[in-house]
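Enquirer: Take this structure, written in structure tokens, and hold onto it; I'll ask about it next.
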Amino acid sequence: MKNIIDFEEIGKIIDISAVRTDVTVDEIDQMVEVAKKYRFICAFAMPCFTKKLIEMLKDEEDIMVGGVVGFPSGADTTSIKVATAKEMKQLGCNELDMVINVGALKSGKYDIVKDDIKAIVEAGDGLPVKSILEISYLTDDEIARGSEIAVKAGVSYVKTGTGWGNIPTTVDTIKLIKGTIGNSAKIKAAGGVRDLDTVIKMVEAGCSRFGIGLNSAIKIMDEANRRMGNEAIEHGFVLAENESY
């Protein structure tokens, strides 16, 4: 059976990231180099490096830069999240990935969750917003409820996690979200997506974007190249031992 993914275009569904606490400037440089080689659709850094990332990719019209909001806990006040969203937009970010108020969701305070997300959608003023559920801390019922709330708040994507949690996103998670929201929003998987076969299975389940750390993104792209009969790209640098996303 033919794969649902065109391996030559797989970079167009991957957001590459360097969003660990200990990311260095050198690693941001490495991420940019890899993004240019593989033409990933979007690159993410922590807010302190976002301006640098935008400057480095300003001439790459097909590579967007995303901004993170409320990352990684989601526990900032809404006003702080709004300020961050506006700053990311002003810097030139093309998309916003925001962490929902996880504690409010688990407490059944659904209006707080919705209003928090909606405020970022409004602050983005037209930018696609991906709401991060952080599924590591949620039950299946909470994942479904959070997905419903995010769609009602106007997000473009429901995103599974930050990559900082200790439970990886699975194909079953994607199926759960897809079964809950249908085509009302798209789905982005992040956290524990480490190989090409997992990407393929998640696409088949309804996922359309992936947030993947630098090491795993290279591994996935090299595997796609091998399956097309191409040689893996030589990178010429040492990768970080650990990664989030």
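Since every read-out is calculated from the coordinates, none of them should be taken as a lab result. Just so it is clear, the structure is predicted and the values come from calculations on it, not from any experiment. FYI the Cβ positions are ideal-geometry reconstructions off the backbone, even for glycines, and counts take in every protein chain you see.
Enquirer: For segment 59-166, just say rounded, prolate or oblate: build the C-alpha gyration tensor, square-root its eigenvalues into a ≥ b ≥ c, call rounded for a/c under 1.5, and beyond that prolate if a/b exceeds b/c, oblate if not.
Expert: The shape class here is prolate.
Enquirer: Rounded, prolate or oblate: which one fits segment 7-227, using the alpha carbon gyration tensor with axes a ≥ b ≥ c (rounded when a/c is under 1.5, else prolate when a/b beats b/c, else oblate)?
Expert: Taking the square roots of the gyration eigenvalues as a ≥ b ≥ c, segment 7-227 is oblate.
Enquirer: Which listed residue (I218, A104, L53) has the Cα farthest towards the positive end of the charge dipole for the chain, taking +1 on Lys and Arg C-beta and -1 on Asp and Glu C-beta about the Cα centre?
Expert: A104
Enquirer: Express the relative contact order of the chain as a whole percentage, based on alpha carbon pairs under 8 Å and six or more residues apart in sequence.
Expert: Details: 475 pairs, mean separation 46.5, N = 245.
Dividing the mean separation by the residue count of the chain yields 19 percent.
Enquirer: Ranked from highest to lowest mean number of other Cβ atoms within 10 Å per residue, what is the order of the peptides 104-111, 82-89, 21-28?
Expert: Working: 104-111: 15.0, 82-89: 19.8, 21-28: 13.4.
Answer by packing, highest mean first, reads 82-89, 104-111, 21-28.
Enquirer: So what's the net charge close to S208: Lys and Arg +1, Asp and Glu -1, counting the other residues with Cβ under 15 Å from its Cβ?
Expert: Around S208, the charge tally is +3.
Enquirer: While we're here: Pulled fully out, how much extra length does the chain show between V25 and T77, if you take 0.36 nm times their separation in residues and subtract their Cα-Cα distance?
Expert: Values: separation 52, 0.36 × 52 = 18.72 nm, distance 2.85 nm.
Full extension of this stretch gives 15.9 nm more.
Enquirer: If each DSSP helix of 4+ residues adds -39,500 (n - 2.57) and the sum is divided by the residues in the chain, what number results at 222 nm, nearest 500 deg cm²/dmol?
Expert: Calculated from helices alone, the mean residue ellipticity at 222 nm is -13500 deg cm²/dmol.
Enquirer: Something else now. Classify segment 140-222 from the C-alpha gyration tensor, please: rounded if a/c falls under 1.5, else prolate or oblate depending on whether a/b exceeds b/c.
Expert: prolate
Enquirer: So what's the angle, to the nearest 10 degrees on a 0 to 90 scale, between helix 47-56 and the longest Cα principal axis of the chain?
Expert: The helix 47-56 is inclined about 40 degrees to the chain.
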